[in-house]
1. Roughly how many nanometres apart are two label points built 7 Å out from the Cα toward the Cβ at Lys244 and Leu86?
2. Using the C-alpha gyration tensor of the chain, what are the square roots of 5 times its eigenvalues, in whole angstrom, with the largest one first?
3. What is the calculated FRET efficiency for Lys420 to Val391, with r their C-beta to C-beta distance and R₀ = 22 Å, to the nearest 0.05?
4. Please sort 382-392, 32-42 by packing, taking for each peptide the average over its residues of neighbouring beta carbons within 10 angstrom, highest first.
5. Label region 260-344 by shape, choosing from rounded, prolate and oblate, from the square roots a ≥ b ≥ c of the eigenvalues of the Cα gyration tensor; if a/c is under 1.5 it is rounded, and otherwise prolate applies when a/b is larger than b/c, oblate when it is not.
6. Carbon-plus-sulfur fraction of the accessible area of region 302-456, 1.4 Å probe, in percent?
7. Using helices alone, what [θ] at 222 nm do you get for the chain, with -39,500 (n - 2.57) per DSSP H run of 4 or more residues, divided over all residues and rounded to the nearest 500?
8. Of all DSSP beta bridges in region 41-249, what percent run antiparallel (nearest 5)?
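The values are calculated or read from the model by the stated rules, or taken from the named source; none is laboratory data. Model, not experiment: these values are computed from the prediction. Cβ placement follows ideal geometry from the backbone for every residue including glycine, while neighbour counts extend to all protein chains displayed. Note: accessible area is taken over every heavy atom of the protein model, side chains too, but ligands, DNA and RNA are not part of it. Shrake-Rupley method; radii C 1.70, N 1.55, O 1.52, S 1.80 Å.
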Amino acid sequence: MLIAQTLKWHFKLSAHNPTGLQFQVEDGGSLAGSIEVPGDKSMSHRSVMFGSMANGITEVSGFLEGEDALHTLQAFEQMGVKIDQLGAGNLVIHGQGIKGLHAPKEPIYHGNAGTGMRLLAGVLAGLGLPAILTGDESLSGRPMGRIVDPLKLMGANITTADNGTPPLNLHGGKQLKAIEYTTPMASAQVKSCILLAGLHAQGHTVVHEPDITRDHTERMLRGFGVDVQTNGLTASIEGGQQLKATNLTVPGDISSAAFFLVGAAMIPGSVLTINNVGLNPSRRGVVDILRLMGANIEENNPRESGGELVADLKVTGTQLKGIDVPKELVSLAIDEFPALFVAAASAQGTTVVTGAEELRVKETDRIQVMADGLRLLGVDITDTPDGARIVGGAINGGTVDSCGDHRTAMSFAMAALIAKEPITVLDCDNVATSFPGFVSLASGAGLRVSESRPSG
Ligand code: S3P
């Protein structure tokens, strides 16, 4: 399965999108000033889902108006929920309760968003609502067996394309039964899908995980008055509970802050503050990994906001050093490895990443895309099935292909800070899925980046 998936992305690598947005980034420079990154993507998806399922009006601030979360918003509108978009990340969700959701008349399109598709599949399966869930080329190649298998064990009737990929066809009509399930991989999307299906199932649903994954579903459901129990690597939920509307503040996304953390941390002379960053313990791995590499990151003004820890991160640049990334930090930084690979390329010595095989089934095979791009820039990098070995040193310029992955695109853009010549990054449209305004925020902070779209 893993090999087949890897080959698939190899195939995609050769099919570069000639009309995709491109970033041109001048070499050198440093990052400075005070910035705020857009709202957390994981929490934005869930805010719309839970607000829509709740009884009463939920007001959300800090919602990420990026394509992924907006597809989730549209999905719930298709299911009959009224959502007022007031601008600047403010939403008013007119929840009508779980029973108020109705089956969508048309297929639901999730764009690039695995979180949207996998979590919604759990909600719909639990409610017994029929629906077809589709996505873009990347999402259409991602594995869905990981959620379909447990949902089928609960009694759901779901079909996928032959190779276990989208579209997902939920046939509906079944009352699900609770299961006790151990997920084969560390995945918050799988855990969340099962818990959301369990919310409407008969009995007590229990999920055991091999490693810690982000716990936004558990925390946020509690905010909506749902009793979710957690104990170490186990989460559980009793079926038949109702959600009560609440107000929510979404903090800045640590996964978006990560590009700036890396960019500033690896360049002596940089002094950058990133305000209002969510520091959920299950998401903060990037800060702890960078610190092990010698980064100077202060957590200022720590506070709680919307049930999440938040702080202002002040980064002072320095020469980083290579490390063996502790395995227990991998699942806490899973989306930040493209940026961390760039940090490793800037470091003195060798960085070894292991236990990160999940990177191969993200929006792209992120190990392959980062290894190919960094190698092209002259970095000594060896990719392995579950990670990479990266020897830090000088970086050349050149043209690298993000392969349509938002996180690889922004990571390669930051690599220009340590390059000897300019870097062009291809196929950057999907940066809009998680980080609208990246180019202007980054250039305001000192990255000499511009964007253009080739004609033809
Ligand atoms: C997410 C979980 C992670 C992460 C993704 C968002 C979520 O995926 O990579 O960007 O919001 O639950 P996996 O569950 O596949 O690890």
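1. In this crude spin-label approximation the distance works out to 2.2 nm.
2. Working from the Cα gyration tensor, I get semi-axes of 35, 23, 21 Å.
3. 0.85
4. 32-42, 382-392
5. oblate
6. 50
7. Theoretical 222 nm ellipticity from helices: -9500 deg cm²/dmol.
8. 75
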